[in-house]
Amino acid sequence: MLQNSLLIYLLLAANAVPPLVSPTPTPSPAPSAEFPVELDWSRAPVWDDGLAEVAHYDSRRTVYGTERSFESILITVKEDFDGALGVKADPPLEGRSIVTVLKMNLISRIQTDDYPYDYMFSVFVRRDDPRVLVKLAGSSQEWCGTTFKEVVTWEGPARLRFHSYFDGQADGEHPLDLAGGALLEEQLPLVLRAAALAPAAPHRFVLFDSLITNTARQPRSREMVASLAGEERLVTPAGEFSTRRIEVRPAVEGAGPAFTYWIDQGPGRALVKMVASDGRSHSLKSVSRRNYWARARPAP
């Protein structure tokens, strides 16, 4: 009887899922020196004012073969981040492994013919260098189920953890090779706001496809070319902007979507517009700085 109990214990231990939080995590990766950027943007004093940039966009995306119109909200704010635990750090901060980050929340609800798709993804990059991903966390909800994803850069090599309702996916993780300046698509709005691309000087880099989906497949990466395509004046509901137009295209034509970003040339370098060749787009309709978390009221 004792031998059978011991055998069962050993079998369970061999197949146990490892804990999600390591007791001895390692710090975030050191800053990269790949994509050409001007770090004055992310280090500007405006991010120290205790407020968040809240930008609303008219957006489009093809779902179930039909182009859908919806609103997206991008919220960008500076935070103190616990680099050992992978969470926002509240005071007191002494004695903790603190990394100052810029966090960008991407929030959208897409109404289809039968039910909505809800997405919220949070991207955390080092404030002193937005090319360095610290964390991504996001979820999708629709009437068929919920999927959660998290890109972890501590506790060893970078990887994507997932919890999916799709058969064949369930719970697991995929490796992510972020070495050599590779970026997530969700990082691009932050990196391109800081970009220091020169005319006729394209930059090659590796980009992972968007993680804003309700599935948890192995992320695909491809080589891209970013170039400064010129200046353009745009009139939007949020005002008139003098922008830099940045083209981001596959190094091999047809190997995935291409993007065009319009970035304000003013000190704030707001993302004014984005258009992708697969039908996705964002067009700025308002932007403000707010302490929205202080306006919360207890539920009735």
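I'm told P257 meets every condition in (1) surrounded by 14 or more Cβ atoms within 10 Å (Cβ to Cβ); (2) at pLDDT 95 or above; (3) not charged (D, E, K, R) except one. Can you identify the failing condition by its number?
Among (1) surrounded by 14 or more Cβ atoms within 10 Å (Cβ to Cβ); (2) at pLDDT 95 or above; (3) not charged (D, E, K, R), the lone unmet condition for P257 is (2).
Just to confirm my filter: which strands (runs of 3 or more DSSP E) fall fully inside region 78-180 and include at least 3 residues that are buried (at least 20 other Cβ atoms within 10 Å of the Cβ)? If you could, list the steps in order and put the result at the bottom.
On the way: elements: 98-111, 116-126, 129-142, 145-152, 159-163, 171-175.
It comes to 98-111, 116-126, 129-142, 145-152.
Can you tell me which residue in region 33-65 is farthest from G181 (Cα to Cα), limited to those that are hydrophobic (A, V, I, L, M, F, W, C) and assigned to a strand (DSSP E or B)? Reasoning before the result, please.
Residues of region 33-65 that are hydrophobic (A, V, I, L, M, F, W, C), as a first pass: 33, 35, 37, 39, 41, 44, 46-47, 51-52, 54-55, 63.
Imposing the further condition that a residue be assigned to a strand (DSSP E or B) reduces the set to 37, 52, 54-55, 63.
Details: V37: 12, A52: 27, V54: 28, A55: 27, V63: 31 Å.
That would be V63.
Counting only residues that are in a loop (DSSP other than H, G, I, E, B) and under 14 Å from A258 (Cβ atoms), which one in region 197-229 is nearest to the chain's Cα centre (by Cα)?
Of region 197-229, the ones in a loop (DSSP other than H, G, I, E, B) are 197, 199-200, 202, 209-220.
Filter once more, keeping what is under 14 Å from A258 (Cβ atoms): 202, 209-210.
Details: P202: 23, D209: 11, S210: 9 Å.
So the residue we want is S210.
The values are calculated or read from the model by the stated rules, or taken from the named source; none is laboratory data. It should be emphasised that the depicted structure is a prediction, and the values quoted were computed from it without experimental measurement. When we count neighbours, we look across all protein chains shown, and the Cβ atoms used for this are built from the backbone with ideal geometry, even at glycine.
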